[in-house]
Amino acid sequence: MTEITANYDETWKEAISIYFESFLKFFYPNIHQQINWKKPPISLEKELKQITASAQTEKRHADKLFKVWLLNDQEVWLLIHIEVQSQYDKKFPLRMFIYNYRTFDLYHKPVISLAILGDETKSWRPNSYQYGMGNSQVKMEFSIVKLLDYSWEELTKSDNIFAKVVMAHLKTKATYKNFPERKEWKWQLVRSLYEEGLTKFDIINLGKFIDKMMSLPPSLQEKFKQQVNEFEQEKKMPFLSTIEEMALER
């Protein structure tokens, strides 16, 4: 089993789908404050598929597109493009540019491109794509968040759901050659869900996110499940006993 088996993309996409407002509040608070949350955002999965199908490039991976409304209640079709990048990719800026302009080209709506960089290269911080020469230039800039910038203390103090997602991501990266250590971190993160008084809904969802992202070899996964089951019996909180179902889903 190698580090590549860690399920980053699917976990992030699912977490963003369920906790979109928390996502923006945690990573992009300035954008969060400008949105009218009384009007539910609309996920644009069909539009995203059309954008990717019409882009004349090799297969790309974009994450989520949402339509939101601003605080003035003016109905503006604002597309928010979110990209979670789990490893260094020199073509990443080009990919961000392609999906931005294809979205505008197809729908003629303003596009905000956001990127979550989850790689291990501290100096890699792409935030623009540019081409041209002389006075004829095209440049696109996009907002980035670097997961390595978060301190562990900062994450443990946060009450936002995505602090746990970031913690799971960072520890999965840090333990790609040490699965016993990954199991211990996985158990600590899952146990903290109960100890911090989260709702049953959030415990189940975050437990699933952590379990899916922090992949383990079968023997260690079995030990992890035993720890969860014993803890739940002790606390009389059978929230994650369906972890067998989680494994089947994966």
Inset, instruction - Sort 210-220, 87-97 for me by packing, meaning the mean count of neighbouring Cβ atoms within 10 Å per residue, highest on top. - result: 210-220, 87-97
Inset, instruction - Just need the Rg to Rh number for the chain, please, alpha carbons only, Kirkwood Rh. - result: 1.00
Inset, instruction - For the chain, find the longest principal axis of its Cα atoms and tell me its angle to the long axis of helix 45-54, 0 to 90°, nearest 10. - result: 60 degrees
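Quick one: net charge around Thr103, please, counting Lys, Arg +1 and Asp, Glu -1 for every other residue with C-beta under 10 Å from its C-beta.
Details: positive: Arg102, Lys109; negative: Glu47, Asp105.
Every neighbour counted, the sum reads 0.
Can you work out the accessible area per residue across the chain, with the rest of the protein chains kept in place, probe 1.4 Å, in square angstrom?
Details: 13170 Å² over 250 residues.
Solvent-accessible surface per residue comes out at 53 Å².
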Legend entry - DSSP-defined beta bridges in the chain - what % are antiparallel, rounded to 5: 55 percent
Legend entry - C-alpha long axis of helix 200-213 to longest principal axis of the chain, angle in °: 80 degrees
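The values are calculated or read from the model by the stated rules, or taken from the named source; none is laboratory data. As the structure is a computational prediction, the values presented were derived from the model and not from experiment. Glycine gets a Cβ as well: all are built from the backbone with ideal geometry, and neighbour counts include every protein chain shown. Side chains included, ligands, DNA and RNA excluded: accessible areas come from the protein's heavy atoms. Shrake-Rupley method; radii C 1.70, N 1.55, O 1.52, S 1.80 Å.
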